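Engineer: I have a structure I would like to understand better, so I am pasting it below and will then ask my questions one at a time.
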Amino acid sequence: VALSWAGSFSGVSRLPADARAIFTIFILLRAAAPWLRLTHEERSKAASAAFAPWMKDHPDTKIRYFDAEAFSGRCSDILQIETDNLAAHCGLMDRLRDSDLFTVPYYELIDIIPSVEDTFRASNLAA
């Protein structure tokens, strides 16, 4: 992962006052035995059933998926959700909670870590 700090200490442009914050939400998951017993095709169908209908209605929300089991004992998978609409994010979490991903359960929810990128810059610029 490459971080870009270009312009972070000089000539930083400010966001317009009416700009909406972009939230990045990390969801840490641990795959359960029922998930691991599924074929890759069955996993794909289960994930599509959980995400596809919601994504169709929320094209501005970005969801990325990361495998972490080779690097962490805490979680096996990480979802990264990027949105400026926290109400839509809450709707996604409700949908996931009611899906097979959590009701079978295929996954255990380990943690939800909400974040906003570079808020320290706005604070420093305002000072």
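Engineer: When the distances between all Cα atoms of segment 27-84 are binned every 5 Å from zero, what whole-number percent does each bin get?
Structural biologist: Bin by bin from 0 Å, the calculated values are 4, 16, 21, 27, 18, 10, 4, 0.
Engineer: In whole Hz and in residue order, list the ³J(HN,Hα) couplings for segment 34-50 that follow from phi through the Karplus curve 6.51 cos²θ - 1.76 cosθ + 1.60, θ = phi - 60°; x for Gly and Pro.
Structural biologist: Result, rounded to whole Hz: x, 5, 5, 7, 6, 6, 4, 5, 5, 5, 4, 5, 5, 5, 4, 4, 6.
Engineer: What is the distance, in nm, between label points placed 7 Å from the Cα along the Cα-to-Cβ direction at A88 and at H58?
Structural biologist: My value for the distance between the label points is 0.8 nm.
Engineer: On to the next question. Regarding segment 38-127, what whole-number volume in Å³ per residue does the convex hull of its Cα atoms give?
Structural biologist: 127
Engineer: Here's a follow-up. Once phi is turned into ³J(HN,Hα) by the Karplus curve 6.51 cos²θ - 1.76 cosθ + 1.60 with θ = phi - 60°, what whole-Hz value does each residue of segment 26-31 show in order, with x for glycine and proline?
Structural biologist: Karplus-based 3J(HN,Hα) across segment 26-31 equals 9, 10, 8, 10, 10, 5 Hz.
Read the figures in this text as sums done on the coordinates, not as results from a lab. Keep in mind the model is a prediction, meaning the values are calculated, not measured. Every residue, glycine among them, receives a Cβ derived from its backbone with ideal geometry; neighbour counts consider all protein chains shown.
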